[in-house]
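What follows is a set of notes on a single structure, which appears directly below.
The values are calculated or read from the model by the stated rules, or taken from the named source; none is laboratory data. Treat the numbers as computed from the prediction; the structure is a model and nothing was measured. Cβ sites come from the backbone with ideal geometry, for glycine too, and all protein chains shown count toward neighbours.
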Amino acid sequence: MHIVIMGCGRVGSTLAHILEDGGHSVAIIDRDPQAFRRLRAGFRGRRVTGIGFDRDVMEEAGIESAAAFVAVSSGDNSNIISARVARETFGVDNVVARIYDPRRAEVYQRLGIPTVATVRWTADQILRRVLPEGAEPLWRDPTGTVVLAEVPFNQGWIGVRATTIESSTGGRLAFINRMGEALVPKNDTVVQEGDILHLTAAEHDMDRVHKVLSGTPSDEEE
């Protein structure tokens, strides 16, 4: 595939190297020609100097034949404008924009532009390492309304069907880590000792999920 990247910072240059190593052709755009110094000496892709949402600049980068466009400059506005130009003017379906402001990320997500809200993501990653296990989600959607979390459970849930856990918590078991291997639960899957449960739910329901699983199935029947 041919992939166009806007922004030759640390993220953009790293993506360019990874994609090129994966056999893809890459063009990278940056308004500062000095930014291309981050690219390794053997980089074979195109280096295009200019404003990332300028149509002539995008055409020079090969946007018309691109299978994907990635906007990872340091400016939220530039990233979203260029992503929209790539999609709406040049018909590139696979676009993604990095957004620092999570409030903006929600708006752009509703416009159909996939976003990565880096501040929220970075904060989540740090909190997962400094807070007790299960206190912070493994993943949250850009709007912040749905999360995937590793949830601890009372031993009383061992031997209970995954479907019972879902009906009791209102969440969905995305997968179970069992003896180092991930499995997607089926209707007849039961929880075993040592399982690590990964559950998706609305963020505002997570307190209830933790409360239910910290008790026992009999508590739910009372």
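Inside the stretch 1-36, residues that are assigned to a loop (DSSP other than H, G, I, E, B) and within 19 Å of F90 (Cβ to Cβ) make up a count of 3. Filter the stretch 55-82 down to the residues that are of a type outside the set (F, W, Y), in contact with a helix residue (DSSP H, G or I) (Cβ under 8 Å, 6 or more places away or on another chain) and either in a loop (DSSP other than H, G, I, E, B) or surrounded by 16 or more Cβ atoms within 10 Å (Cβ to Cβ) (or both) and list them by number. M58, I63, A66, V70, A71, V72, S73, D76, I80, S82, listed by residue number.
Evaluating V95 against the criteria (1) touching a residue at least 12 places away in the same chain (Cβ under 8 Å); (2) of a type in the set (V, I, T); (3) out of contact with any strand residue (DSSP E or B) (no Cβ under 7 Å at 6 or more places or on another chain) leaves one unmet condition, (3). Name the residue that is surrounded by the most Cβ atoms within 10 Å (Cβ to Cβ), counting only residues in the stretch 1-29 that are β-branched (V, I, T) and modelled with pLDDT of 95 or more. Only one residue fits best here, namely V4. So which residues in the stretch 61-90 are closer than 17 Å to V107 by Cα, in contact (Cβ under 8 Å) with a residue 40 or more places away in the chain and hydrophobic (A, V, I, L, M, F, W, C), if there are any at all? Listed by number, the list holds a single entry, A71. Filtered by the rule that a residue be assigned to a helix (DSSP H, G or I) and surrounded by fewer than 16 Cβ atoms within 10 Å (Cβ to Cβ), the stretch 37-54 gives a lone residue, R37.
Taking the stretch 84-105, which residues are hydroxyl-bearing (S, T, Y) and more than 17 Å from I5 (Cα to Cα)?
Taking the stretch 84-105 as the starting set, the residues that turn out to be hydroxyl-bearing (S, T, Y) are 89, 100.
The one that is hydroxyl-bearing (S, T, Y) and more than 17 Å from I5 (Cα to Cα): Y100.
Taking the options I29, I80, I51, I18, name whichever one is under 17 Å from T118 (Cβ atoms) and in the same structural domain as Y100 (by TED's automatic domain parsing). Exactly one of I29, I80, I51, I18 is under 17 Å from T118 (Cβ atoms) and in the same structural domain as Y100 (by TED's automatic domain parsing), namely I80. Scanning the stretch 30-50 for residues that are modelled with pLDDT under 95 and hydrophobic (A, V, I, L, M, F, W, C) yields one hit, A41.
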